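I have placed the structure first, in the form of structure tokens, so that the comments after it can refer back to it.
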Amino acid sequence: MKTMNIIRFKFSPKKAYAALHWMVNEHPGIDLHGALKACYFADKDHLNAHQRPIFGATYRAMRFGPVPVEIYELAKGDPLWLAELGMDRLPWRLDGFRLVRSDNSVAEVDRSALSETDQTIFSSALARSVKMNFNERTAATHGRDWQAAELGWMRYEDMIDDTAHKAETLDYLYENARFMRL
């Protein structure tokens, strides 16, 4: 197992946009904490099931759990992510700490950026996140990976479950993660 490298993925703004739009349509007014934790659960679950995350976000261990930085920026409508997506505005806005539709219409969510496994795992992660209250989500995201970051940057290496194949998975990701197209 290599220790000098770190596992990094190229963030997928298209997948993050599709997931955020999905959440806003299915759960109008979803709180930002619930939305961001759904993305964390999905990335971690998909990483462990399929050797790649869904979004490939950069995670920061914050007081109330992991924050996928790029997804947080996109949720807030950061102009750099809008430009990356070729958009002028989002179909939602951040109202306090809640994501709400920008207008009264329910725009169809284009999930084509998300693979079948992405959608299955994200749907499960979203359901898990929204059924929890703030304190439950916070506790559920303060695991070994969050603790190892010591309120700094989290590592995908720490998100991988301890299994008989962990060493092989790590070797594979050290060599290939940066080249993966999410």
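The values are calculated or read from the model by the stated rules, or taken from the named source; none is laboratory data. All values derive from a computational prediction rather than experimental measurement. Because the Cβ atoms are built from the backbone with ideal geometry, glycine has one as well, and the counts that use them run over all protein chains shown.
Suppose the filter is touching an Asp or Glu at 6+ places or on another chain (Cβ under 9 Å), buried (at least 24 other Cβ atoms within 10 Å of the Cβ) and under 18 Å from Y17 (Cα atoms); does P66 pass it? Quick ask: steps written out before the conclusion?
Details: touching an Asp or Glu at 6+ places or on another chain (Cβ under 9 Å): yes; buried (at least 24 other Cβ atoms within 10 Å of the Cβ): yes; under 18 Å from Y17 (Cα atoms): no.
It is false that P66 is touching an Asp or Glu at 6+ places or on another chain (Cβ under 9 Å), buried (at least 24 other Cβ atoms within 10 Å of the Cβ) and under 18 Å from Y17 (Cα atoms).
Anything in region 108-128 that is without any contact (Cβ under 8 Å) to a residue 24 or more places away in the chain, within 19 Å of P28 (Cβ to Cβ) and assigned to a helix (DSSP H, G or I)? List them, or say none.
S123, A127
Got at least one residue in region 70-93 being assigned to a strand (DSSP E or B), farther than 15 Å from F11 by Cα and out of contact with any Gly (no Cβ under 6 Å at 6 or more places or on another chain)?
Looking through region 70-93, at least one residue is assigned to a strand (DSSP E or B), farther than 15 Å from F11 by Cα and out of contact with any Gly (no Cβ under 6 Å at 6 or more places or on another chain).
State whether one or more residues within region 156-175 are within 25 Å of L99 (Cβ to Cβ), out of contact with any helix residue (DSSP H, G or I) (no Cβ under 6 Å at 6 or more places or on another chain) and not β-branched (V, I, T). Outline the logic, then answer.
Of region 156-175, the ones within 25 Å of L99 (Cβ to Cβ) are 159.
In the following step, the residues that additionally are out of contact with any helix residue (DSSP H, G or I) (no Cβ under 6 Å at 6 or more places or on another chain) were identified as none.
No, region 156-175 contains no residue that is within 25 Å of L99 (Cβ to Cβ), out of contact with any helix residue (DSSP H, G or I) (no Cβ under 6 Å at 6 or more places or on another chain) and not β-branched (V, I, T).
Looking at region 19-32, which of its residues are part of a helix (DSSP H, G or I) and crowded, with 21+ Cβ neighbours inside 10 Å? Show your work before the answer.
Our first condition is that a residue be part of a helix (DSSP H, G or I); within region 19-32, this holds for 19-26, 32.
Answer for region 19-32, where residues must be part of a helix (DSSP H, G or I) and crowded, with 21+ Cβ neighbours inside 10 Å: A19, L20, M23, V24.
Given S123, S129, S102, S112, which one is at pLDDT below 95 and among the polar types (S, T, N, Q)?
On the way: S123 fails: at pLDDT below 95; S129 fails: at pLDDT below 95; S112 fails: at pLDDT below 95.
Matching residue, one of S123, S129, S102, S112: S102.
Tell me the residue from D45, D118 that is farther than 23 Å from N135 by Cβ and under 14 Å from the mean Cα position of the chain (by Cα), please. I'd like the intermediate steps shown before the answer.
Details: D45 fails: farther than 23 Å from N135 by Cβ.
From the options D45, D118, the qualifying one is D118.
Could you list, in sequence order, all residues of region 37-66 that are over 11 Å from A125 (Cβ atoms) and part of a helix (DSSP H, G or I)?
Result: L47, N48, A49, H50.
Tell me yes or no: at least one residue of region 156-170 is assigned to a helix (DSSP H, G or I), among the basic types (K, R), surrounded by fewer than 13 Cβ atoms within 10 Å (Cβ to Cβ) and modelled with pLDDT of 95 or more.
Going through region 156-170, the residues assigned to a helix (DSSP H, G or I) turn out to be 156-159, 166-170.
Subsequent filtering for residues that are among the basic types (K, R) retains 166.
Cutting the leftovers down to surrounded by fewer than 13 Cβ atoms within 10 Å (Cβ to Cβ) gives us none.
There is no residue in region 156-170 that is assigned to a helix (DSSP H, G or I), among the basic types (K, R), surrounded by fewer than 13 Cβ atoms within 10 Å (Cβ to Cβ) and modelled with pLDDT of 95 or more.
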